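The values are calculated or read from the model by the stated rules, or taken from the named source; none is laboratory data. This structure is a prediction, so every number in the text was calculated from the model and none was measured. Cβ placement follows ideal geometry from the backbone for every residue including glycine, while neighbour counts extend to all protein chains displayed.
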Amino acid sequence: MTLPERMKFGVFLAPFHWKDENPTLSLDRDLELLQWLDHLGYDEAWIGEHHSAGWEIIASPEVFMATAAERTRHIKLGTGVISLPYHHPLMVANRMVLLDHLTRGRTMLGVGPGALGTDAAMLGIDPLTQRRRMDESLGIILRLLTEEEPITYKSEWFELNEAMLHLRPYTKPHFPIAVAAAQSPSGMVLAGKHGIAVLSVSIVRGGSIAPNLREFWKVAEETAAEYGNVMDRNEWRVVMHVYLAETKKEAMEQARSAAGRYQREYFERTLGHDSVVDGPADKIIDAMVEKGAWCVGTPDDLIAKIKEVDEDSGGFGGFLLQATEWGTREQVYHSYELLARYVMPQFQGSVKSLDASQKWSENKRDELKAKRTAALDRAREDYVGQRR
């Protein structure tokens, strides 16, 4: 394997919620989930920004992250992602620096062009300009974070007049920064241009310029070389839909209905993605698992899947679960617990020494048993001798 000695595990919390449920309670569950993940030892959570379509109901990841930070102790919190064309770059930088201080360094910045066309339409933004504006905005944000001299800059959509950060980052030189990349080459190009981290899905989507993750990553590496940067695979996070139970049969049965509704009602009917299957929605889960897009099964199934993605990609450093509610509250929480108990240790080196210690003890069993027996015999003899 080409995986790091200790892989990072986390969630990508869009979040997705059924639009006929109480949204206030849905947001409460999101916060409770992060508390549970913090307790289980997950490394990070990335929180989305959306403004339309009815399902992904966090409009400001920064506000949500500030609330979550007060309820957690260790887990790092990232924007997953801030849609840069929607915001003035000075405002983004200032809000993230504030979060960096409030969380004592648990903040991460994830950026993207904006995933939902309906968001851009409401804001009057031409989709053809979004990726270029993301590039322009990120360049300014990085300058604000690293330069101390005032910046004057005039763009077609924002302006800076002797701008500077009056509050510098808590994390030195600044908090981690990642760019989303799913299909278009722009995310990988931007990552290479600035030498920053990447958030990507586990399977390259149809229509991409790259046939697989390995080739997709090359876009970032080749661009990085052009700009004198070096990409770090350990800062590449891969996102996948995962649902675990004690047996694969249980996992498929628990998730079948909700997973089918999720794909059919949101991605197909709301966003207009192509249908996964022509038949009923409850058949979608079978098709997605078969094509390798989702992992629904046991911890052993996920261990095998991560190794498979490792082989396909050439190595990555973080594995993120797409947060969904495909089972009951207890079933969903148990799925996260199974991953923490049985999957994480296999990729973080935490059971390697335990296994070595057990094997050493087993190999020494007969020898040590004989010595223990001899010691007990000697103790009895000494006792009898003393009594005499």
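Taking the stretch 246-284 as the range and being more than 23 Å from GLU337 (Cα to Cα) and among the basic types (Lys, Arg) as the test, the residues that pass are ARG261, ARG264, ARG269, LYS283.
Taking the criterion of being of a type outside the set (Ser, Thr, Tyr) and loosely packed, with under 11 Cβ neighbours inside 10 Å, the residues of the stretch 151-185 that qualify are LYS154, GLU156, ASN161, GLU162, HIS166, LYS172, PRO173. Here GLU221 meets each of (1) among the acidic types (Asp, Glu); (2) over 28 Å from VAL289 (Cα atoms); (3) within 17 Å of the chain's Cα centre (by Cα) with one exception, condition (3).
Selection of the stretch 226-256 for residues being surrounded by 15 or more Cβ atoms within 10 Å (Cβ to Cβ), farther than 26 Å from LEU213 by Cα and of a type outside the set (A, V, I, L, M) yields LYS248, GLU250, GLN254, ARG256. Selection of helices (runs of 4 or more DSSP H) fully inside the stretch 12-127 by the criterion of at least 3 residues being under 15 Å from the mean Cα position of the chain (by Cα), crowded, with 18+ Cβ neighbours inside 10 Å and on the phi < 0 side of the Ramachandran plot returns 23-40. For first residues located in the stretch 151-179 and farther than 27 Å from ASP126 by Cα, partners that are part of a loop (DSSP other than H, G, I, E, B) and basic (Lys, Arg) and lie 6+ apart or on another chain with Cβ distances below 7 Å form the pairs TYR170/ARG104.
Out of curiosity, is ALA224 part of a loop (DSSP other than H, G, I, E, B), of a type in the set (A, V, I, L, M), in contact with a Lys or Arg (Cβ under 9 Å, 6 or more places away or on another chain) and in the same structural domain as HIS101 (by TED's automatic domain parsing)? Judged against the criteria, ALA224 is not a match.
Could we say that VAL332 is touching a helix residue (DSSP H, G or I) at 6+ places or on another chain (Cβ under 7 Å) and surrounded by 10 or more Cβ atoms within 10 Å (Cβ to Cβ) here?
On the way: touching a helix residue (DSSP H, G or I) at 6+ places or on another chain (Cβ under 7 Å): no; surrounded by 10 or more Cβ atoms within 10 Å (Cβ to Cβ): yes.
Criteria not met by VAL332.
Assigned by TED's automatic domain parsing to the domain that holds VAL239 and over 23 Å from SER52 (Cβ atoms) - does that describe any residue in the stretch 110-131? Checking the stretch 110-131: not a single residue is assigned by TED's automatic domain parsing to the domain that holds VAL239 and over 23 Å from SER52 (Cβ atoms). Among the residues of the stretch 130-162, the ones that are touching an Asp or Glu at 6+ places or on another chain (Cβ under 9 Å) and closer than 19 Å to LEU99 by Cα come to 0 in all. The condition (being surrounded by fewer than 18 Cβ atoms within 10 Å (Cβ to Cβ) and under 22 Å from PHE12 (Cβ atoms)) is satisfied by just one residue among GLU290, GLU337: GLU337.
Taken over the stretch 251-295, the residue count meeting the criterion of being touching a Gly at 6+ places or on another chain (Cβ under 6 Å) and either over 21 Å from ILE203 (Cβ atoms) or not assigned by TED's automatic domain parsing to the domain that holds GLY117 (or both) is 2. On inspection, ALA210 fails the criterion of being assigned by TED's automatic domain parsing to the domain that holds TYR86, of a type in the set (Gly, Ala, Ser), in a helix (DSSP H, G or I) and over 29 Å from LEU98 (Cβ atoms). What do you reckon, is ILE196 modelled with pLDDT of 95 or more, over 20 Å from GLN322 (Cβ atoms) and β-branched (Val, Ile, Thr)? Spelling it out, ILE196 is indeed modelled with pLDDT of 95 or more, over 20 Å from GLN322 (Cβ atoms) and β-branched (Val, Ile, Thr). Screening THR298 against (1) surrounded by fewer than 20 Cβ atoms within 10 Å (Cβ to Cβ); (2) within 22 Å of the chain's Cα centre (by Cα); (3) among the β-branched types (Val, Ile, Thr) leaves a single unmet condition, (1). What residue, of PRO169, PRO173, is more than 27 Å from GLY315 (Cα to Cα), in a loop (DSSP other than H, G, I, E, B) and in the same structural domain as CYS295 (by TED's automatic domain parsing)? Exactly one of PRO169, PRO173 is more than 27 Å from GLY315 (Cα to Cα), in a loop (DSSP other than H, G, I, E, B) and in the same structural domain as CYS295 (by TED's automatic domain parsing), namely PRO169.
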